[in-house]
1. If you scan the stretch 274-301, which residues turn out to be over 17 Å from residue 256 (Cβ atoms) and surrounded by fewer than 19 Cβ atoms within 10 Å (Cβ to Cβ)?
2. Taking strands (runs of 3 or more DSSP E) that fall entirely within the stretch 198-298, which contain at least 1 residues that are away from the ligand (no atom under 16 Å from the Cβ)?
3. What's the total number of residues in the stretch 40-76 that are within 16 Å of residue 294 (Cβ to Cβ), hydrophobic (A, V, I, L, M, F, W, C) and assigned to a helix (DSSP H, G or I)?
4. Restrict the check to the stretch 192-202 and report whether at least one residue is surrounded by fewer than 16 Cβ atoms within 10 Å (Cβ to Cβ), of a type outside the set (Val, Ile, Thr) and closer than 26 Å to residue 125 by Cβ.
5. Can you tell me which of 16, 12, 20 is closer than 14 Å to residue 296 by Cβ, away from the ligand (no atom under 13 Å from the Cβ), in a helix (DSSP H, G or I) and in contact with a Leu (Cβ under 7 Å, 6 or more places away or on another chain)?
6. Please state which of the following conditions residue 137 fails to meet, knowing it meets all the rest: (1) part of a loop (DSSP other than H, G, I, E, B); (2) closer than 13 Å to residue 236 by Cα.
7. I'd like the residue in the stretch 162-179 that is part of a strand (DSSP E or B) and of a type outside the set (Val, Ile, Thr) and, out of all such residues, is nearest to the chain's Cα centre (by Cα).
8. Among the residues of the stretch 39-52, which ones are in contact with a Gly (Cβ under 6 Å, 6 or more places away or on another chain) and crowded, with 18+ Cβ neighbours inside 10 Å?
Amino acid sequence: MENLVIIGAGCAGLTAAVYAARANLKPLVFAGPTPGGLITTTGVVENFPGFPEGVEGFDLVSKIQAQAERFGARVEFSEVESVDLSMKPFQLKVEGQTIQTTALIVATGAAHRHLGLESEAKLERKGVTYCATCDGALPIFRNQPLVVVGGGDSACEEALHLTQFGSMVYLIHRRDTLRASKIMADRVLCNPKIKPVWDSVVTDVLDVTQGKVTGIRVKNVKTNEETTIPCAGVFVAIGHAPNNSLFDGQLEMDAAGYILRRNGTTETNIPGVFVAGDCADPRYRQAITAAAMGAQAAIDAGRWIGENS
Ligand code: NAP
(Lines give C-alpha, C1' and ligand atoms only; values in the text may rest on other atoms or scores of the structure.)
Protein backbone atom coordinates (compact mmCIF):
# COMPACT_ATOMS: atom_id res chain seq x y z
CA MET A 1 0.00 0.00 0.00
CA GLU A 2 1.41 3.38 -1.07
CA ASN A 3 0.86 6.72 0.61
CA LEU A 4 1.23 8.93 -2.49
CA VAL A 5 1.68 7.92 -6.12
CA ILE A 6 2.67 10.47 -8.76
CA ILE A 7 1.97 9.58 -12.40
CA GLY A 8 4.41 11.38 -14.69
CA ALA A 9 8.04 12.40 -14.36
CA GLY A 10 8.31 15.72 -16.17
CA CYS A 11 8.89 19.05 -14.43
CA ALA A 12 5.51 18.84 -12.67
CA GLY A 13 5.70 15.25 -11.43
CA LEU A 14 9.31 15.43 -10.32
CA THR A 15 8.89 18.76 -8.52
CA ALA A 16 5.87 17.26 -6.76
CA ALA A 17 8.19 14.39 -5.79
CA VAL A 18 10.81 16.80 -4.36
CA TYR A 19 8.21 18.52 -2.19
CA ALA A 20 6.41 15.31 -1.21
CA ALA A 21 9.65 13.51 -0.33
CA ARG A 22 10.85 16.42 1.80
CA ALA A 23 7.46 16.35 3.59
CA ASN A 24 8.06 12.66 4.33
CA LEU A 25 5.09 11.55 2.19
CA LYS A 26 7.24 8.75 0.65
CA PRO A 27 6.12 9.33 -2.95
CA LEU A 28 6.35 6.68 -5.64
CA VAL A 29 6.67 8.14 -9.16
CA PHE A 30 5.70 6.22 -12.30
CA ALA A 31 7.60 7.83 -15.15
CA GLY A 32 5.73 6.06 -17.95
CA PRO A 33 6.49 6.08 -21.67
CA THR A 34 8.16 9.52 -21.85
CA PRO A 35 10.31 9.91 -18.73
CA GLY A 36 11.28 13.53 -18.30
CA GLY A 37 8.31 14.72 -20.31
CA LEU A 38 8.18 16.95 -23.36
CA ILE A 39 10.96 19.25 -22.15
CA THR A 40 13.47 16.49 -22.91
CA THR A 41 12.67 17.00 -26.60
CA THR A 42 13.68 20.67 -26.57
CA GLY A 43 17.23 21.95 -26.69
CA VAL A 44 18.44 24.66 -24.35
CA VAL A 45 15.85 26.03 -21.94
CA GLU A 46 16.69 29.71 -21.54
CA ASN A 47 13.87 30.85 -19.29
CA PHE A 48 14.05 28.53 -16.28
CA PRO A 49 15.13 30.73 -13.35
CA GLY A 50 18.52 29.94 -11.85
CA PHE A 51 20.27 29.00 -15.10
CA PRO A 52 21.65 32.25 -16.55
CA GLU A 53 23.48 30.35 -19.31
CA GLY A 54 20.45 28.14 -20.08
CA VAL A 55 20.11 24.43 -19.36
CA GLU A 56 19.42 21.43 -21.60
CA GLY A 57 15.86 20.14 -21.08
CA PHE A 58 17.12 16.63 -20.33
CA ASP A 59 19.67 17.94 -17.80
CA LEU A 60 17.03 20.00 -16.05
CA VAL A 61 14.67 17.07 -15.40
CA SER A 62 17.59 14.79 -14.51
CA LYS A 63 18.62 17.29 -11.83
CA ILE A 64 15.06 17.54 -10.46
CA GLN A 65 14.86 13.74 -10.37
CA ALA A 66 18.19 13.50 -8.51
CA GLN A 67 16.93 16.12 -6.05
CA ALA A 68 13.72 14.12 -5.44
CA GLU A 69 15.65 10.86 -5.00
CA ARG A 70 18.03 12.51 -2.58
CA PHE A 71 15.05 13.00 -0.25
CA GLY A 72 13.78 9.44 -0.72
CA ALA A 73 11.38 9.60 -3.69
CA ARG A 74 11.27 6.36 -5.70
CA VAL A 75 11.11 6.74 -9.48
CA GLU A 76 10.07 3.73 -11.53
CA PHE A 77 10.00 3.70 -15.32
CA SER A 78 6.87 1.55 -15.56
CA GLU A 79 3.70 2.63 -17.32
CA VAL A 80 0.37 2.89 -15.51
CA GLU A 81 -2.10 0.94 -17.66
CA SER A 82 -5.37 1.79 -15.92
CA VAL A 83 -6.70 3.51 -12.82
CA ASP A 84 -9.81 2.98 -10.74
CA LEU A 85 -10.56 6.09 -8.74
CA SER A 86 -14.05 4.94 -7.70
CA MET A 87 -12.77 3.18 -4.57
CA LYS A 88 -10.45 4.06 -1.70
CA PRO A 89 -7.60 3.35 -1.68
CA PHE A 90 -7.24 4.15 -5.39
CA GLN A 91 -6.26 1.18 -7.56
CA LEU A 92 -3.64 1.38 -10.31
CA LYS A 93 -2.69 -1.38 -12.75
CA VAL A 94 1.02 -1.15 -13.49
CA GLU A 95 2.47 -3.74 -15.82
CA GLY A 96 -0.05 -6.35 -14.65
CA GLN A 97 0.31 -5.59 -10.93
CA THR A 98 -2.20 -3.76 -8.75
CA ILE A 99 -0.86 -0.81 -6.77
CA GLN A 100 -3.01 0.78 -4.08
CA THR A 101 -2.50 4.35 -2.98
CA THR A 102 -4.10 6.73 -0.50
CA ALA A 103 -3.51 9.82 -2.64
CA LEU A 104 -2.62 10.43 -6.27
CA ILE A 105 -1.01 13.27 -8.21
CA VAL A 106 -1.66 13.23 -11.95
CA ALA A 107 1.18 14.87 -13.89
CA THR A 108 0.88 13.09 -17.22
CA GLY A 109 1.84 16.06 -19.38
CA ALA A 110 1.00 16.49 -23.03
CA ALA A 111 1.94 14.99 -26.39
CA HIS A 112 2.68 16.47 -29.81
CA ARG A 113 -0.40 17.30 -31.89
CA HIS A 114 -0.57 15.82 -35.40
CA LEU A 115 -1.78 17.43 -38.63
CA GLY A 116 -4.14 14.52 -39.18
CA LEU A 117 -3.11 13.75 -42.77
CA GLU A 118 -2.99 10.14 -43.94
CA SER A 119 0.35 10.78 -45.68
CA GLU A 120 1.74 12.33 -42.46
CA ALA A 121 0.99 9.11 -40.55
CA LYS A 122 2.41 6.89 -43.31
CA LEU A 123 5.66 8.87 -43.50
CA GLU A 124 6.21 9.24 -39.74
CA ARG A 125 9.85 8.36 -38.98
CA LYS A 126 10.46 8.34 -42.76
CA GLY A 127 11.00 12.09 -42.89
CA VAL A 128 8.01 13.27 -40.86
CA THR A 129 8.96 14.00 -37.25
CA TYR A 130 7.77 15.93 -34.21
CA CYS A 131 11.16 16.72 -32.70
CA ALA A 132 13.95 18.64 -34.40
CA THR A 133 16.20 18.27 -31.36
CA CYS A 134 15.88 14.49 -31.55
CA ASP A 135 16.03 14.00 -35.32
CA GLY A 136 17.37 17.18 -36.95
CA ALA A 137 20.95 15.95 -37.22
CA LEU A 138 20.02 12.75 -39.09
CA PRO A 139 21.97 12.32 -42.36
CA ILE A 140 18.76 12.36 -44.47
CA PHE A 141 18.18 15.98 -43.48
CA ARG A 142 21.73 17.28 -44.02
CA ASN A 143 22.03 20.07 -46.60
CA GLN A 144 18.44 19.48 -47.74
CA PRO A 145 15.47 21.84 -47.77
CA LEU A 146 13.35 21.21 -44.64
CA VAL A 147 9.87 22.24 -43.56
CA VAL A 148 8.59 23.22 -40.13
CA VAL A 149 4.82 23.54 -39.61
CA GLY A 150 3.46 25.91 -36.94
CA GLY A 151 3.78 29.46 -35.70
CA GLY A 152 4.40 29.12 -31.96
CA ASP A 153 7.56 29.05 -29.85
CA SER A 154 8.07 25.36 -30.61
CA ALA A 155 7.95 25.89 -34.37
CA CYS A 156 10.39 28.82 -34.11
CA GLU A 157 12.74 26.83 -31.92
CA GLU A 158 12.63 23.88 -34.33
CA ALA A 159 13.23 26.13 -37.34
CA LEU A 160 16.23 27.84 -35.70
CA HIS A 161 17.70 24.50 -34.66
CA LEU A 162 17.30 23.08 -38.18
CA THR A 163 19.22 25.95 -39.81
CA GLN A 164 22.35 24.12 -38.58
CA PHE A 165 21.57 21.13 -40.79
CA GLY A 166 19.24 22.02 -43.67
CA SER A 167 20.05 24.05 -46.77
CA MET A 168 16.85 26.09 -46.21
CA VAL A 169 14.03 25.91 -43.67
CA TYR A 170 10.48 26.74 -44.77
CA LEU A 171 8.21 27.75 -41.89
CA ILE A 172 4.61 27.03 -42.87
CA HIS A 173 2.09 28.97 -40.81
CA ARG A 174 -1.67 29.19 -41.27
CA ARG A 175 -1.75 32.92 -40.47
CA ASP A 176 0.50 35.88 -41.31
CA THR A 177 1.63 36.57 -37.73
CA LEU A 178 3.61 34.27 -35.49
CA ARG A 179 2.10 33.22 -32.17
CA ALA A 180 5.60 32.83 -30.74
CA SER A 181 7.09 35.19 -28.15
CA LYS A 182 8.68 38.31 -29.64
CA ILE A 183 12.23 37.23 -28.92
CA MET A 184 11.76 33.91 -30.75
CA ALA A 185 9.80 35.48 -33.61
CA ASP A 186 12.50 38.11 -34.12
CA ARG A 187 15.23 35.47 -34.22
CA VAL A 188 13.29 33.54 -36.87
CA LEU A 189 12.39 36.53 -39.00
CA CYS A 190 16.02 37.77 -39.00
CA ASN A 191 17.46 34.42 -40.00
CA PRO A 192 18.34 34.31 -43.72
CA LYS A 193 18.03 30.49 -43.77
CA ILE A 194 14.38 30.56 -42.65
CA LYS A 195 11.69 31.39 -45.20
CA PRO A 196 8.21 31.91 -43.72
CA VAL A 197 5.32 30.74 -45.88
CA TRP A 198 2.35 32.71 -44.54
CA ASP A 199 -1.37 31.93 -44.63
CA SER A 200 -0.67 28.39 -45.69
CA VAL A 201 -1.61 24.88 -44.62
CA VAL A 202 -0.08 21.53 -45.55
CA THR A 203 -2.56 19.45 -47.53
CA ASP A 204 -0.34 16.46 -48.31
CA VAL A 205 3.11 15.07 -47.55
CA LEU A 206 4.88 13.53 -50.58
CA ASP A 207 5.72 10.84 -51.44
CA VAL A 208 4.00 7.85 -49.85
CA THR A 209 4.70 5.64 -52.88
CA GLN A 210 8.46 6.18 -52.47
CA GLY A 211 8.23 5.62 -48.70
CA LYS A 212 10.12 8.86 -47.93
CA VAL A 213 9.52 12.59 -47.76
CA THR A 214 10.25 14.39 -51.03
CA GLY A 215 8.04 17.46 -50.56
CA ILE A 216 4.77 18.90 -49.34
CA ARG A 217 1.68 20.28 -50.96
CA VAL A 218 0.67 23.60 -49.42
CA LYS A 219 -2.49 25.61 -49.89
CA ASN A 220 -2.67 29.35 -49.43
CA VAL A 221 -5.83 29.79 -47.36
CA LYS A 222 -6.46 33.28 -48.75
CA THR A 223 -6.09 32.50 -52.47
CA ASN A 224 -6.70 28.70 -52.40
CA GLU A 225 -3.63 28.36 -54.63
CA GLU A 226 -1.79 25.03 -54.14
CA THR A 227 1.96 24.65 -54.63
CA THR A 228 4.60 21.99 -54.02
CA ILE A 229 7.66 22.66 -51.88
CA PRO A 230 10.40 20.04 -52.32
CA CYS A 231 11.93 19.01 -49.00
CA ALA A 232 13.51 16.01 -47.25
CA GLY A 233 11.91 16.48 -43.85
CA VAL A 234 8.70 17.76 -42.29
CA PHE A 235 8.88 18.85 -38.65
CA VAL A 236 5.38 19.27 -37.22
CA ALA A 237 5.26 21.72 -34.28
CA ILE A 238 1.60 22.71 -33.95
CA GLY A 239 1.14 22.39 -30.21
CA HIS A 240 0.18 19.69 -27.81
CA ALA A 241 -2.74 17.69 -26.50
CA PRO A 242 -2.99 16.55 -22.86
CA ASN A 243 -2.21 12.88 -22.05
CA ASN A 244 -5.38 12.25 -20.07
CA SER A 245 -7.12 9.30 -21.72
CA LEU A 246 -6.27 7.15 -18.66
CA PHE A 247 -8.76 9.24 -16.66
CA ASP A 248 -11.64 9.48 -19.17
CA GLY A 249 -14.97 9.21 -17.37
CA GLN A 250 -13.32 9.55 -13.94
CA LEU A 251 -11.73 13.01 -13.72
CA GLU A 252 -13.57 16.09 -14.94
CA MET A 253 -11.98 17.63 -18.03
CA ASP A 254 -12.66 20.59 -20.31
CA ALA A 255 -13.69 20.18 -23.95
CA ALA A 256 -10.03 19.93 -25.02
CA GLY A 257 -9.31 17.15 -22.50
CA TYR A 258 -7.42 19.17 -19.85
CA ILE A 259 -8.19 18.05 -16.27
CA LEU A 260 -10.18 20.66 -14.35
CA ARG A 261 -8.93 21.97 -11.02
CA ARG A 262 -11.19 23.09 -8.17
CA ASN A 263 -11.25 25.95 -5.69
CA GLY A 264 -8.09 27.61 -7.04
CA THR A 265 -6.05 24.59 -5.86
CA THR A 266 -4.75 21.42 -7.54
CA GLU A 267 -7.77 19.40 -6.33
CA THR A 268 -9.79 17.50 -8.91
CA ASN A 269 -13.41 16.36 -8.69
CA ILE A 270 -12.23 13.30 -6.72
CA PRO A 271 -10.97 14.04 -3.18
CA GLY A 272 -7.43 12.70 -2.80
CA VAL A 273 -6.60 13.09 -6.52
CA PHE A 274 -4.55 16.16 -7.43
CA VAL A 275 -3.24 17.39 -10.76
CA ALA A 276 -0.19 19.33 -11.94
CA GLY A 277 1.46 20.54 -15.12
CA ASP A 278 0.57 20.50 -18.82
CA CYS A 279 -2.19 17.90 -18.42
CA ALA A 280 -4.18 20.57 -16.54
CA ASP A 281 -2.85 23.73 -18.14
CA PRO A 282 -4.09 24.90 -21.53
CA ARG A 283 -2.75 28.40 -20.93
CA TYR A 284 0.84 28.72 -19.64
CA ARG A 285 2.53 25.35 -20.36
CA GLN A 286 5.99 26.40 -19.25
CA ALA A 287 8.56 24.30 -17.42
CA ILE A 288 8.49 26.73 -14.51
CA THR A 289 4.68 26.83 -14.27
CA ALA A 290 4.52 23.02 -14.42
CA ALA A 291 7.13 22.82 -11.64
CA ALA A 292 5.19 25.36 -9.59
CA MET A 293 1.96 23.40 -9.97
CA GLY A 294 3.84 20.25 -8.97
CA ALA A 295 4.87 21.96 -5.72
CA GLN A 296 1.26 23.04 -5.11
CA ALA A 297 -0.05 19.52 -5.75
CA ALA A 298 2.41 18.00 -3.26
CA ILE A 299 1.40 20.56 -0.62
CA ASP A 300 -2.30 19.96 -1.30
CA ALA A 301 -1.82 16.17 -1.22
CA GLY A 302 0.15 16.38 2.04
CA ARG A 303 -2.60 18.43 3.70
CA TRP A 304 -5.30 16.07 2.44
CA ILE A 305 -3.43 12.97 3.65
CA GLY A 306 -2.93 14.66 7.05
CA GLU A 307 -6.63 15.45 7.36
CA ASN A 308 -7.90 12.10 6.08
CA SER A 309 -5.72 9.47 7.69
P1 NAP B 1 1.33 26.83 -29.40
O2 NAP B 1 1.85 28.05 -28.74
O3 NAP B 1 -0.04 26.35 -29.07
O4 NAP B 1 1.42 27.09 -30.97
C5 NAP B 1 0.91 26.15 -31.88
C6 NAP B 1 1.06 26.74 -33.28
O7 NAP B 1 0.62 25.75 -34.21
C8 NAP B 1 0.21 27.98 -33.49
O9 NAP B 1 0.94 28.91 -34.25
C10 NAP B 1 -1.01 27.45 -34.23
O11 NAP B 1 -1.53 28.38 -35.15
C12 NAP B 1 -0.43 26.29 -35.02
N13 NAP B 1 -1.41 25.23 -35.23
C14 NAP B 1 -2.19 24.61 -34.31
N15 NAP B 1 -2.94 23.65 -34.88
C16 NAP B 1 -2.63 23.67 -36.21
C17 NAP B 1 -3.06 22.91 -37.32
N18 NAP B 1 -3.96 21.92 -37.20
N19 NAP B 1 -2.53 23.20 -38.52
C20 NAP B 1 -1.59 24.18 -38.65
N21 NAP B 1 -1.14 24.92 -37.62
C22 NAP B 1 -1.66 24.67 -36.42
O23 NAP B 1 2.27 25.57 -29.15
P24 NAP B 1 3.86 25.50 -28.95
O25 NAP B 1 4.58 26.34 -29.92
O26 NAP B 1 4.17 24.05 -28.90
O27 NAP B 1 4.09 26.11 -27.51
C28 NAP B 1 3.40 25.55 -26.37
C29 NAP B 1 3.81 26.30 -25.12
O30 NAP B 1 5.18 26.00 -24.82
C31 NAP B 1 3.70 27.81 -25.30
O32 NAP B 1 3.23 28.35 -24.10
C33 NAP B 1 5.11 28.23 -25.58
O34 NAP B 1 5.38 29.57 -25.16
C35 NAP B 1 5.92 27.21 -24.77
N36 NAP B 1 7.25 27.02 -25.38
C37 NAP B 1 8.21 27.92 -25.05
C38 NAP B 1 9.47 27.80 -25.62
C39 NAP B 1 10.51 28.82 -25.26
O40 NAP B 1 10.20 29.73 -24.51
N41 NAP B 1 11.71 28.70 -25.76
C42 NAP B 1 9.73 26.80 -26.54
C43 NAP B 1 8.73 25.90 -26.87
C44 NAP B 1 7.48 26.04 -26.30
P45 NAP B 1 -2.27 29.71 -34.62
O46 NAP B 1 -1.18 30.63 -34.19
O47 NAP B 1 -3.00 30.18 -35.83
O48 NAP B 1 -3.17 29.27 -33.53
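1. Hits for the stretch 274-301 are 286, 288, 289, 292, 295, 299.
2. Details: elements: 200-206, 215-220, 226-230, 233-236, 240-242, 273-275.
Those strands (runs of 3 or more DSSP E) span 200-206, 215-220, 226-230, 233-236, 273-275.
3. Summing the residues that are within 16 Å of residue 294 (Cβ to Cβ), hydrophobic (A, V, I, L, M, F, W, C) and assigned to a helix (DSSP H, G or I) in the stretch 40-76 gives 5.
4. Yes, the stretch 192-202 contains at least one residue that is surrounded by fewer than 16 Cβ atoms within 10 Å (Cβ to Cβ), of a type outside the set (Val, Ile, Thr) and closer than 26 Å to residue 125 by Cβ.
5. 20
6. (2)
7. Only one residue tops the list, namely 171.
8. Correct list: 39, 40, 42, 45.
The values are calculated or read from the model by the stated rules, or taken from the named source; none is laboratory data. It should be emphasised that the depicted structure is a prediction, and the values quoted were computed from it without experimental measurement. Neighbour counts run over all protein chains shown; Cβ positions are idealised from the backbone, glycine included.
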